[in-house]
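What follows is a short report on a single structure.
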Ligand code: SAH
């Protein structure tokens, strides 16, 4: 819930605008301001104050506790010009809220946390739990100091700045200095997590100190050493979701027994519960309350597999009991191993204080790291037609693959340190292969294309190469046909089709057959790749086929460089279009027999009924 507090009439009006924009998310606090702030601070995850920053600082100062648990606070000035993220920028979400509030009120978001201001990813915004000296390592990152990246597990991280380096694999000398360690292990010889850490603790990327009440606040504690490192060096540990715990349970197994088993299995193996990705079991146990509740308390999904699938998995410790009960010789080990990976803890049983038979079994597997391939459409050109999701994926990537001219379109959005693999026109197959190969190496890759990356673009060659050992995330983009249509009017109001006239990879007979089918079916057609220097007869030929079924006066829209600085568009007709005015930067949209030019715009009616019923007597 977001608490809204104002003191003046102007503030109250602005607060009301937010309240009506987000009725479900907001609550207006009335009454004396000091009292309202106090209540909101205690009750809300976030607070927006329509007050001067100075006033808010004084009001909240006595209430501030820990940056991991305090609400995020945003201040909006009297004139509504600025939305200032005051405290709780990362963990409290105030930076993101300042941006959102800015969008609703037309205010400029003001974000002053250093990592956001300079494009370095906040270590606590990398999407995984982080422990240790976040402030110390962030400072080192910003100061350009050498920061060592110890990727014990090759997890796909976003780009880190160039001063973050991986040590040479054969480096045997003592290392020191600030470091980022990516591991699911609790290092030997030191404790990453204290005894206070219990299963079910918050996994939302909060820092160690926020999980453990009663500890000194501020910078994290020394983490206990990786053997070769001095104790004084700033160090953070990132916990990738790398562990799968397979669980079996008899009917009625108590939640505490299941949780206790998992906790001791992880603890004895020196593994961090914060790296837990999921619990896995057999379908028949999908509703077993002890498992459902354990997963909920751990904050991870309970994933189930069929008995047949589990029976097919080779395991070290099969047994007859589950075979009789649920039809597979192994539940815990098989469910943990379904997706492959390394068995770190073989099947073990719960221990019961009363000496009765164990009701739960578990096994722990480290799943293979999966690279990440985001296939991102950049839209037709204009920055504001690039979706926020596309932007987020570009910043999520550590490797960017694309055509050089598209890379130029978004270069400024990339995080410093992003590895850019650009190539020229014609290298599609190579780009696709490179992107997939990088993802298979465990990288976070963004493969970009203009418009929508799946429309006559990179998604198909890339996914034709990709195996199921990587995650693929598609981000749609505004394709040229849609960008053009918006400029022309409403040409796509009824059935429409896109046809590429490039016969480089498609035989002309196939293209011609499709144009003919569209002509006969009276479908609006947008031609992509309509004409290039070496390909000039295809467009006239295609238009002639359409003209065989449509009037010479049929509207045709010609849009060049839609949404780009030198863009242009015009309306003509099938008879009047001069193909010489069309090039590779252009799409050509031909109306159907109902399409009309109305007030200079191309309009395709949504239905044909008016044609059958020309009197319009509906
Ligand atoms: N993936 C792209 C299409 C790639 S094919 C998309 O979804 O838009 C390349 C063709 O797309 C060009 O020859 C041209 O016909 C068309 N095109 C791409 N961007 C365009 C733009 N901004 N304006 C007009 N046509 C464009």
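The set of residues in region 533-581 being within 13 Å of the ligand (Cβ to nearest atom) and in contact with a strand residue (DSSP E or B) (Cβ under 6 Å, 6 or more places away or on another chain) consists of 557, 558, 559, 560, 568, 569, 570.
Out of the residues in region 1-25 that are assigned to a helix (DSSP H, G or I), touching a strand residue (DSSP E or B) at 6+ places or on another chain (Cβ under 8 Å) and without any contact (Cβ under 8 Å) to a residue 40 or more places away in the chain, state the one that is surrounded by the fewest Cβ atoms within 10 Å (Cβ to Cβ). Out of the qualifying residues, it is 16. Taking region 60-83 as the range and being surrounded by 22 or more Cβ atoms within 10 Å (Cβ to Cβ) and under 21 Å from residue 10 (Cα atoms) as the test, the residues that pass are 73, 74, 75, 76, 83. Of everything listed in (1) in contact with a strand residue (DSSP E or B) (Cβ under 6 Å, 6 or more places away or on another chain); (2) in the same structural domain as residue 418 (by TED's automatic domain parsing); (3) within 24 Å of residue 383 (Cβ to Cβ); (4) within 16 Å of the ligand (Cβ to nearest atom), the single unmet condition for residue 487 is (2).
The set of residues in region 583-593 that are within 9 Å of the ligand (Cβ to nearest atom), touching a strand residue (DSSP E or B) at 6+ places or on another chain (Cβ under 6 Å) and either in a loop (DSSP other than H, G, I, E, B) or free of Cβ contacts under 8 Å to residues at least 12 places away in the same chain (or both) comprises 584, 585.
Between 99, 57, 28, the distinction of being part of a strand (DSSP E or B), surrounded by fewer than 22 Cβ atoms within 10 Å (Cβ to Cβ) and free of Cβ contacts under 8 Å to residues at least 60 places away in the same chain belongs to 28 only. Screening region 360-424 for strands (runs of 3 or more DSSP E) wholly inside it with 1 or more residues that are within 19 Å of residue 454 (Cβ to Cβ), within 16 Å of the ligand (Cβ to nearest atom) and at pLDDT 95 or above returns the ranges 371-377, 399-403.
For residue 530, the criteria (1) touching a strand residue (DSSP E or B) at 6+ places or on another chain (Cβ under 6 Å); (2) away from the ligand (no atom under 14 Å from the Cβ); (3) more than 20 Å from residue 374 (Cα to Cα) hold in every case but one, which is (2). Taking the conditions exactly as written (outside the structural domain of residue 45 (by TED's automatic domain parsing), at pLDDT 85 or above, assigned to a strand (DSSP E or B) and farther than 25 Å from residue 400 by Cα), does residue 131 satisfy them or not? Against the criterion (outside the structural domain of residue 45 (by TED's automatic domain parsing), at pLDDT 85 or above, assigned to a strand (DSSP E or B) and farther than 25 Å from residue 400 by Cα), residue 131 qualifies.
Looking only at residues of region 266-303 that are in a helix (DSSP H, G or I) and more than 19 Å from residue 249 (Cα to Cα), we find that the one that is farthest from the chain's Cα centre (by Cα) is 268.
Once region 102-118 is narrowed to residues that are out of contact with any strand residue (DSSP E or B) (no Cβ under 6 Å at 6 or more places or on another chain) and not in a helix (DSSP H, G or I), the residue that is farthest from residue 140 (Cα to Cα) is 106.
Take residue 571 and tell me if it is modelled with pLDDT of 95 or more, assigned to a loop (DSSP other than H, G, I, E, B), surrounded by 11 or more Cβ atoms within 10 Å (Cβ to Cβ) and more than 38 Å from the chain's Cα centre (by Cα). When the stated conditions are applied, residue 571 does not pass them.
The values are calculated or read from the model by the stated rules, or taken from the named source; none is laboratory data. Note that the coordinates shown come from a computational prediction; the quantities given were computed from them, not determined experimentally. Every residue, glycine as well, gets a Cβ built from its backbone with ideal geometry; the counts of neighbours run over all protein chains shown.
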